[in-house]
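The next block holds one structure in the form of structure tokens; read it before the comments.
Taken together, the values in this text are just the output of simple stated rules run on the coordinates, not laboratory data. Just so it is clear, the structure is predicted and the values come from calculations on it, not from any experiment. Every residue, glycine among them, receives a Cβ derived from its backbone with ideal geometry; neighbour counts consider all protein chains shown.
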Amino acid sequence: MASHVILDNASLQLGADSATLTELACYTNHLELSPDVSVTTLDTFCGSVDYPGAVKWSLIATLYQSWDTDGTEAVLEPLVTSGDPCAFLISADKDQPISATNPGWTGEVIPQPYSPLNGDAGDGSEVSLEWSLTGPPTKITTPPAGATTSGGGMF
């Protein structure tokens, strides 16, 4: 019988570098690593032909805002303020080590400003991120060497 990936325990880790990642899973309710392929269309008298262009990757996430010590604001604000690319690691199951059956994707993103307070009366304040990657993500099936996390993440 086929097994399917259900994102009920996914991991989103962000940090200044891969050695300082902080787990944000308990604040995250949407997670996506998405390629965007631009298309160039050449029109001639014989018809049109589409050619794939550059692929641009984005890390898209929705988190609930929090003032906790290792919470949303404590992690995101310094990354945006620094202006430098930062590390990320995502996986489907934060309680299992990175492996062939629980691969991770890692790379660097360019932090962008976000809305620190956002929502309707009585609802949780949400932070929406759509951060561009500096290059294609790397799929990993073994834990990164020397990496440690705060906030309960596993490798």
In the set (1) 41, 39, 31; (2) 62, 42, 35; (3) 104, 32, 22, which value of Cα extents along the principal axes in Å was calculated from the structure you see? (2)
Neighbour-limited loop hits for chymotrypsin sites (Phe, Trp or Tyr not before Pro), segment 62-92 (at most 14 other Cβ within 10 Å; DSSP other than H, G, I, E, B): Trp67
For the chain, with a Gaussian network of springs between Cα atoms less than 10 Å apart, report the residue from Pro103, Pro35, Pro52 with the top mean-square fluctuation. Pro52
Pairwise label distance in nanometres, Leu117 with Ile6, each label 7 Å out on the Cα-Cβ vector: 3.8
Candidates Asp120, Asp36, Asp95, ranked by Gaussian network fluctuation over the chain, Cα under 10 Å, top entry: Asp120
Rounded to the nearest 0.05, what FRET efficiency do Thr20 and Ser132 have when you use their Cβ-Cβ distance and R0 = 22 Å? 0.60
Full extension from Ser125 to Trp67: what is 0.36 nm times the residue separation minus their Cα-Cα distance, to one decimal in nm? 19.7 nm
Report the local net charge at Pro116: Lys and Arg +1, Asp and Glu -1, summed over other residues whose C-beta lies under 15 Å from its C-beta. -4
In debye, nearest 20: dipole of segment 7-155 around its Cα centre with unit charges on the Cβ of K, R (+) and D, E (-)? 460
Which angle between 0 and 90 degrees, to the nearest 10, do you get for helix 72-82 versus the longest principal axis of the chain when only C-alpha atoms count? 60
The extension gain from Val37 to Ser99, computed as 0.36 nm times the residue separation minus the Cα-Cα distance, is 19.5 nm
